[in-house]
1. State which residue is nearest to PRO232 (Cα to Cα) when the search covers only region 171-201 and only residues that are aromatic (Phe, Trp, Tyr) and buried (at least 20 other Cβ atoms within 10 Å of the Cβ).
2. So if I check each of LEU298, LEU343, LEU323, which one is assigned by TED's automatic domain parsing to the domain that holds ALA226, touching a residue at least 24 places away in the same chain (Cβ under 8 Å) and under 18 Å from the mean Cα position of the chain (by Cα)?
3. Scan region 134-143 and give yes if some residue there is basic (Lys, Arg) and outside the structural domain of ALA59 (by TED's automatic domain parsing), otherwise no.
4. Somewhere in region 286-302, is a residue at pLDDT below 90 and more than 30 Å from THR242 (Cα to Cα)?
5. Starting from region 58-82, take each residue that is under 17 Å from ALA119 (Cα atoms) and list its partners that are in a helix (DSSP H, G or I) and of a type outside the set (Ser, Thr, Tyr), counting only C-beta distances under 7 angstrom and pairs at least six apart or across chains.
6. Can you go through ARG228, ARG196 and tell me which one is within 20 Å of SER302 (Cβ to Cβ) and charged (D, E, K, R)?
7. Take the conditions closer than 22 Å to VAL50 by Cβ, of a type in the set (Lys, Arg) and out of contact with any Pro (no Cβ under 6 Å at 6 or more places or on another chain) and apply them to ARG76. Does it pass?
8. Conditions: (1) in a strand (DSSP E or B); (2) more than 55 Å from the chain's Cα centre (by Cα). ASP111 meets all but one. Number of the miss?
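The values are calculated or read from the model by the stated rules, or taken from the named source; none is laboratory data. None of the values given here were measured: they were computed from a predicted structure. Glycine also receives a Cβ, built like all others from the backbone with ideal geometry; neighbour counts cover every protein chain displayed.
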Amino acid sequence: MVPHTLRRVMFRRPRAAGAAAAPIETRAALPSEEKGAEPGLEISPNDPIVPYFQSAPGAVELRSLELHSPALEQMRAQGITMVVPLVTQGELIGLLNLGPRLSDQEYSPDDRRLLESLAAQVAPAVKVGQLVREQEAEVRARERIEQELEVARLIQQNFLPKELPELDGWRVAAYYRPARTVGGDFYDFIELPEGRIGLVVGDVTDKGVPAAMVMAATRSVLRAAAQRLLEPGTVLERINETLCSEIPPNMFVTCLYGVLDPGTGRLRYANAGHNLPIVESGGEVSELRATGMPLGLLPGMSYEEKEAVIAPGSSVLLYSDGLTEAHDPGREMFGTPRVRQLLAHGAVADELISDLLADLDRFTGAEAEQEDDITLVALARAGGAQELRPVLSFSVASAEGNEREAMRRVGDAAAAAGVDATRLERLKTAVAEATMNAMEHGNRYDPELPVEIAVARSDTVLSVRITDRGGARDIPQAEAPDIEAKLAGEQSPRGWGLYLIENMVDEVRADGDGDRHTLELITHLKGHGEGR
């Protein structure tokens, strides 16, 4: 089939009457020619004259040609009397168009042979020129697309959270992996009054800069509405009304918005056509269902609100369809059942995300191109099924040097529990410092008073409890060491050990009664703990 960009190759009339042949000027006209330039001859690819010219053995006289062809009528109207098709490798790529000779004589057989010979030489050159221009146009188009994608990536990166929220009793993890063609996935955490937090996961249809701009606008409107309106459904209603008047045609946004009270686990949520959150509790997996139209489609929509309580030991996964709609080489979808099955295994937060991505990569194949953005937000509430299990229990006498024995034995137990090398060294340092404090400040280096050490673990944390006979006492706030203040006599080195301990582990807890005092050091397993 002849491409839509077929253009004529012009033949200029002889300057002097009686010339057998005149110089031929060829030009490969572009689809959008400069204003004022001589127009090319547009021929539709389904015009019957196209196959005729493609199979013509040489020059064609139009006056004897009988075809119902709009192009033929146009050529006759322009005064063209003879056409020499330019054909290379069986493809019609242009025409040599000739008007009547100034001498009013017919074109001779010699003229025809000359023109046909010239056409045979011109056709490959014209084809090369066309290919060069097509390639240049493709390069420019690719450059424009790459620039657009880079702008879209920058927009997305700037609007994604820079850090995860720290919630007492919760583990939070998030992951975003853009596809090669940037879409409009987004997630967010919004600090709300009374310690609550807003959870957002959304997906804008379409790709590139338009999707990224709609994503940024949706996020901004959502953040503003969340600070003024308490109910998630009302927040989505407000966003929908705003987007309906602003969003480009044929675009919309799916979005899940929930408000979590970390203290109680109460989650109030509404859903605008997004993937359903999945909850794992005690090995049972369920979905949090709420109905609502995607944002930006129709004004006046209402959004159903639901409430759930995330029990201790439970996990929640929010995700985009880039996960479930990924395909394997046979075009089978990854699907929600696989996600539910992975949640049922009990992995939480960052471990759950790692397991999901590993399973997804095995499913799609290592060389597969990612089809859509993938966004994952996972939360896990401590407690419940995550009960601590005893690992090791021993005691050391309150004598200098025994902290090394405590450090060695706890280190062996921690390594066996899967604490990575960097965290292991930090934990051993904290144990040594805490044991020295217990021997010195709790037991006053009385060799008759032992320091008791107990190691326990759950699936997510390792706990080291160090107990002395110092009775109930509060842990003073650890003061950051200041060498200059110490040299000036304004700061005592006491308390520096506590500062060290708190910065070596993920959490420090203290309790005691009238006789005993216990310091508990908590280290997250499998690398959890931002900034540690």
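1. If we filter region 171-201 for residues that are aromatic (Phe, Trp, Tyr), which is where we start, we get 175-176, 186-187, 189.
Subset that is buried (at least 20 other Cβ atoms within 10 Å of the Cβ): 186-187.
Values: PHE186: 17, TYR187: 15 Å.
Step by step, filter region 171-201, then rank; the result is TYR187.
2. Numbers: LEU298 fails: under 18 Å from the mean Cα position of the chain (by Cα); LEU343 fails: under 18 Å from the mean Cα position of the chain (by Cα).
Going through LEU298, LEU343, LEU323 in turn, the sole match is LEU323.
3. Step one: of region 134-143, the residues basic (Lys, Arg) are 140, 142.
Pick out the ones that are also outside the structural domain of ALA59 (by TED's automatic domain parsing) and you get 140, 142.
Scanning region 134-143, I find at least one residue that is basic (Lys, Arg) and outside the structural domain of ALA59 (by TED's automatic domain parsing), so the answer is yes.
4. Going through region 286-302, the residues at pLDDT below 90 turn out to be none.
No, region 286-302 contains no residue that is at pLDDT below 90 and more than 30 Å from THR242 (Cα to Cα).
5. That search, which allows pairs on different chains as well, returns GLY58/ARG112; GLY58/GLU116; ALA59/ARG112; ALA59/LEU115; ALA59/GLU116; VAL60/PHE53.
6. Values: ARG196 fails: within 20 Å of SER302 (Cβ to Cβ).
Criteria check complete, one pass: ARG228.
7. yes
8. (1)
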